[in-house]
Amino acid sequence: MLYQISGKQIDIGEALQTHVKDELSAAVSKYADRPTDANVVFSRNAHQYVCEATVHLSTGLTAQASAHATEIYAAFDSCCDKMEKQLRRHKRRLKDHHRDRSEPVELSGGSAYILAATDENDESDNLQPMIIAEMETQIPSISVGEAVMQMELKGAALLVFRNEKTGNINVVYAREDGNVGWIEP
């Protein structure tokens, strides 16, 4: 696993880097087969240290955790515990959902676009947004429960999927009140 350990206006010593590598690899290897890389950033917010960690897995999942404490090692240890808890829940959910599934998840292709924001002061005649990036994306054919699980694990605001039961394209999204919304045409 590749590690990128850095500090925002903080000097990160060799002892802390060794501690991060040892503890994070131990926590991640329990629940993930092939982690690819980890990014750990330390910063300071008033009198507290903040640790933000991101681990990318070969399955496409990105696990993120952050914590703060008055000491830098305590901040990392708390962040590592949160990461381990998130990966443990992910593995348990996958195990529970795949128990009933006899065939692998079917994926269909789709296009995703990133559109540039327009300047509000710009009074141009062109009302079409400028496309910054166009890329391919995968739309899984899964149940609503699995879609909610994947959305929460990815930390995404919404997830587009094909409903296994109806075959229609559906959307689940995180609502402002903390609940999950489901759009089925």
Would you calculate the volume per residue, in Å³, of the smallest convex hull containing every Cα atom of region 2-100? 84 Å³
Contour minus Cα-Cα distance for GLU184 and GLU71 (0.36 nm per residue): 35.9 nm
Beyond 27 Å between alpha-carbons counts as too far, so tell me which of LYS21/LYS82; LYS30/LYS154; LYS8/LYS82; LYS8/LYS30; LYS8/LYS91 fall in that bin. LYS8/LYS30; LYS8/LYS91
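For LYS91 and ALA156, what does the FRET efficiency come to when R0 = 22 Å and r is the distance between their Cβ atoms, rounded to the nearest 0.05?
The formula returns an efficiency of 0.70 here.
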Extension gain (nm, one decimal) between GLN4 and ARG44, 0.36 nm per residue minus Cα-Cα: 12.6 nm
Tell me, in nm to one decimal, what length is gained between THR137 and GLU14 on full extension, where the rule is 0.36 nm per residue of separation less the Cα-Cα distance? 40.3 nm
About its Cα centre, region 2-100 carries a charge dipole, from +1 on Lys and Arg Cβ atoms and -1 on Asp and Glu Cβ atoms, whose size in debye to the nearest 20 is 540 debye
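Just so you know, all these numbers are worked out from the coordinates, no wet-lab data involved. As the structure is a computational prediction, the values presented were derived from the model and not from experiment. Positions of Cβ are backbone-derived with ideal geometry, glycine not excepted, and every protein chain shown enters the neighbour counts.
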